[in-house]
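Below is one structure, written out as structure tokens; the observations come after it.
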Amino acid sequence: DRPVSMGPQIIRLRPAPHCRTPIVSYSQTIKPDDHFINWQQDPFGNYLARAVIPEKTREFSVQIDLVADMIAINPFDFFLEESAQHTPFKYDEETEAQLRPYLQTNITGAKFDALVKDAKRIWVREQREEQSTVDTLVALNEMIEQKIGYVIRMEPGVQTPEETLTLLKGSCRDSSWLLVNIFRKLGVAARFVSGYLVQLTADIASLTGPSGPTEDFTDLHAWVEVYI
């Protein structure tokens, strides 16, 4: 109901530079018009817009206009070094030092520790033939998908892994945080990623399987990235 002073605002609404979906154009409009913007990058490479509004104002709004080229992307289109073709594998000393933030975890709990033991059996595959790294990652992902029921959760925050395993259900961010910490317990660098799920209707119906969504759909989403 009256003009107020605002401190510096940090806005995190720009796709990360390593985003695999091509960003054709991006613009950010901030009101009031009288403001200063400095673009920064945090230690993880994310873009941050630091906005300073020098005068008192009655409004503050941020509008993002973005065009993304929704091309089909093969998630398995990557190259693995010979040393990482099969699990288990270990990072060399230099790489491990660079990845240290993504290997740290202090998560514990009876249910979580038990699940980590199951994950280690998948990772090591004792007394069995070598398993490709991709197949192992898929198996670990399936382990969580089969154990944790997916729900849409509107409450803020992320459940602890022990909470998720007690409830046996969680949102994408809860399952992702659980999986991140399992990977880290295995000595595999992993990080939590937030972004968007965009599913578009197919132009042509599939002849060999599901055609996908019947209408365009977008939502917030979270997932896991693993360094291999």
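The values are calculated or read from the model by the stated rules, or taken from the named source; none is laboratory data. These numbers were taken from a predicted model, which means no experiment stands behind them. FYI the Cβ positions are ideal-geometry reconstructions off the backbone, even for glycines, and counts take in every protein chain you see. When the accessible area is computed, the model is the full protein with side chains, heavy atoms only, and any ligands, DNA or RNA have been set aside. Shrake-Rupley method; radii C 1.70, N 1.55, O 1.52, S 1.80 Å.
Helix 172-185 and the longest principal axis of the Cα set of the chain meet at an angle near 50°. Dipole check for the chain: with +1 at the C-beta of Lys and Arg, -1 at the C-beta of Asp and Glu, and the Cα centre as origin, the magnitude is about 740 Debye. Could you give the angle, 0 to 90 degrees to the nearest 10, between helix 133-147's Cα long axis and the longest principal axis of the Cα atoms of the chain? For helix 133-147, the angle is close to 80 degrees. With a simple spin-label model that places each label point 7 Å from the Cα along the Cα-to-Cβ direction, the separation between Tyr196 and Thr208 comes to 3.1 nm. Going 7 Å from the Cα of Asp42 along its beta-carbon direction, which residues of region 1-29 have the amide nitrogen within less than 14 Å of the resulting point? Correct set: 10-17. To put it simply, the accessible area of the chain at a 1.4 Å probe is 51 percent carbon and sulfur. Rounded to 0.05, the FRET efficiency of the Ala110 and Ser83 pair, given R0 = 35 Å and the Cβ-Cβ distance, is 0.50. Multiplying the residue separation of Val52 and Ile10 by 0.36 nm and removing their Cα-Cα distance gives an extension gain of 14.2 nm. Angle of helix 110-124 to the longest C-alpha principal axis of the chain, folded into 0 to 90 degrees and rounded to 10: 60°. Which net charge results for the neighbourhood of Gly157, defined as the other residues with beta-carbon distances under 14 angstrom from its beta-carbon, given Lys and Arg at +1 and Asp and Glu at -1? So the environment of Gly157 carries a net charge of -1.
Per residue, the average separation of C-alpha pairs within less than 8 Å and at least 6 apart gives the chain a relative contact order of 15 percent. Solvent-accessible surface of the chain, taken per residue with a 1.4 Å probe and all protein chains present: 68 Å². With every protein chain in place and a 1.4 angstrom probe, the accessible-area ranking of Ile10, Ile53, largest first, reads Ile10, Ile53. Within the assembled protein chains, the solvent-accessible surface assigned to Asp65 is about 70 Å², based on a 1.4 Å probe. For region 160-224, relative contact order (Cα pairs under 8 Å, six or more residues apart, normalised by length) works out to 35 percent. For region 1-109, the set of GluC sites (Glu not before Pro) satisfying both a DSSP loop assignment and a count of at most 16 other C-beta atoms within 10 Å is given as Glu55, Glu59, Glu81.
Looking at region 101-182, the GluC sites (Glu not before Pro) that sit in a DSSP loop and have at most 15 other Cβ atoms within 10 Å of their own Cβ are Glu126, Glu129, Glu130.
Between Ala72 and Thr95, full extension at 0.36 nm per residue minus the direct alpha carbon distance yields a gain of 5.2 nm. Near Met143, once Lys and Arg are set to +1 and Asp and Glu to -1 for all other residues with Cβ below 14 Å from its Cβ, the sum equals +3. Taking Cβ atoms as reference points and 13 Å as the exclusive limit, the residues near Ala202 contribute a net charge of -3, counting Lys and Arg as +1 and Asp and Glu as -1.
Summary of the geometry: region 117-157 and region 24-101, compared by the centres of their Cα atoms, lie 27 Å apart.
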